[in-house]
Amino acid sequence: MKSYEDMAFSAEIEDKNGILENGGVLPSSKMFLHLPSEFARSALLYAVYVGHCFCDQTYLVRRKRFDYFLLAVIDSGGLFFEYHQQRFEAHAGEVVLLDCRQPHVYGAIGSVAFRYIYFRGGSSENYYQLLAGEKGYFMQPVRSVAVQSAIQCIFALVTDKANNEHRISAQLYRILAELAEEDWQSPIQNTAVLHAIAYMERHFSERLSIEKIADEVNLSEYYFSRLFRKCTSASPHAYLVNLRITMARQLLTVSQKSVERIAEECGFHSTTNFIRSFREHVGCTPKQFRRAALAQINQLYDDEEEK
């Protein structure tokens with residue numbers, strides 16, 4: 001039986017629609033492969049490949065056709081794109097939407113880290129036409145906290161034992177709706193909250209107080225908490241706990257680290273507290289989640305081998 005590491009690597013390079021020069025992908029990269037149900041194919045927006053890619057300057061993808069839309073969010077560094085006889089670049093903090101059914105090339109500008117979702121179905125075609133317009137592609141800064149929150153939610157869902165297609169579809173619609181929304185909140189508010197989220201993502205393993213996070217963005221604790229809830233529909237504490245649980249889910253799925261070690265690395269300084277919080281958010285213990293996740297991965301391979 002193939003391991004998760006085998007799946008994450010082989011699923012990335014098995015692209016029969018073009019050439020994927022995979023030498024620039026670093027070992028820390030992860031990808032989740034989802035095989036949609038018949039209902040999802042006919043009725044939902046569904047994600048097939050979801051991943052976090054860390055690459056060096058040699059990373060390059062060249063395809064004639066790939067039957068999905070690509071949503072990519074650049075976390076650090078940059079990517080160049082060649083599409084519709086145009087060349088453009090996307091850098092940290094920007095989101096790109098591309099119709100991969102058309103010939104396309106993209107690659108790293110130096111080292112780069114980005115999250116990606118390959119999706120299709122539902123009204124993806126209509127949303128793409130709305131967002132891409134005459135340029136033929138969509139690119140802009142990620143100004144909405146809701147977009148980052150929805151992407152984080154999708155990453156959590158694809159590692160969940162249930163892999164709920166309906167919830168994933170809802171989050172994809174949420175992302176596209178936010179990108180299409182013109183009535184943005186003030187840049188200063190969004191900048192502060194996005195800064196706070198980035199700070200939490202870098203320091204989630206540490207003992208973080210809301211006061212400390214508010215100090216990081218130069219706001220009072222009271223105002224910061226109100227602003228954060230307004231932008232994300234969650235309190236800073238709830239968002240931080242959800243971030244830690246998301247990271248724990250990924251480690252439980254892709255590593256053999258002990259529950260105690262994962263609890264520590266994800267900012268839970270008590271294993272008992274980690275297990276209790278994990279059960280409240282996921283509905284099972286970390287060990288139960290790990291067994292279910294590995295069983296699902298094995299089942300995916302069994303289904304693929306039978307085809």
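In the context of the full set of protein chains, residues of the range 183-284 present 53 Å² of accessible surface per residue (probe radius 1.4 Å, heavy atoms only).
Once the piece of chain linking His281 and Glu134 is laid out straight, how much longer is it, given 0.36 nm per residue of separation minus the C-alpha distance between them?
On the way: separation 147, 0.36 × 147 = 52.92 nm, distance 4.29 nm.
Between His281 and Glu134, full extension yields 48.6 nm more.
In terms of overall dimensions, the range 67-224 has a Cα radius of gyration and Dmax of 16.9, 50 angstrom.
Once the Cβ-Cβ distance of Phe88 and Ala170 is raised to the sixth power relative to R0 = 30 Å, the FRET efficiency obtained is 0.50.
Using θ = phi - 60° in the Karplus curve 6.51 cos²θ - 1.76 cosθ + 1.60, the 3J(HN,Hα) couplings for the range 146-155 round to 4, 5, 4, 5, 5, 5, 4, 5, 4, 4 Hz; x is entered for Gly and Pro.
Fully extending the segment from Ala295 to Leu26 would add 94.2 nm, taking 0.36 nm per residue of separation and subtracting the current Cα-Cα distance.
For the range 177-279, the orientation-averaged shadow of the C-alpha convex hull comes to 7.6 nm² (one quarter of the hull surface).
Gain in length, Phe39 to Ser220, computed as 0.36 nm per residue apart minus the alpha-carbon separation, to one decimal in nm?
Working: separation 181, 0.36 × 181 = 65.16 nm, distance 4.81 nm.
So the extension gain works out to 60.4 nm.
Relative to the compact-globule estimate of 2.2 N^0.38 Å, the Cα radius of gyration of the range 96-152 comes out at 1.24. The P(r) of the range 28-128 has a tail past 19 Å containing 43 percent of all C-alpha pairs.
The values are calculated or read from the model by the stated rules, or taken from the named source; none is laboratory data. Keep in mind that this is a model prediction, so the values were computed, not measured. We place every Cβ from the backbone using ideal geometry, glycine too, and count neighbours over all the protein chains shown. Remember, those area values only see protein heavy atoms, side chains included, never the ligands or the DNA or RNA. Shrake-Rupley method; radii C 1.70, N 1.55, O 1.52, S 1.80 Å.
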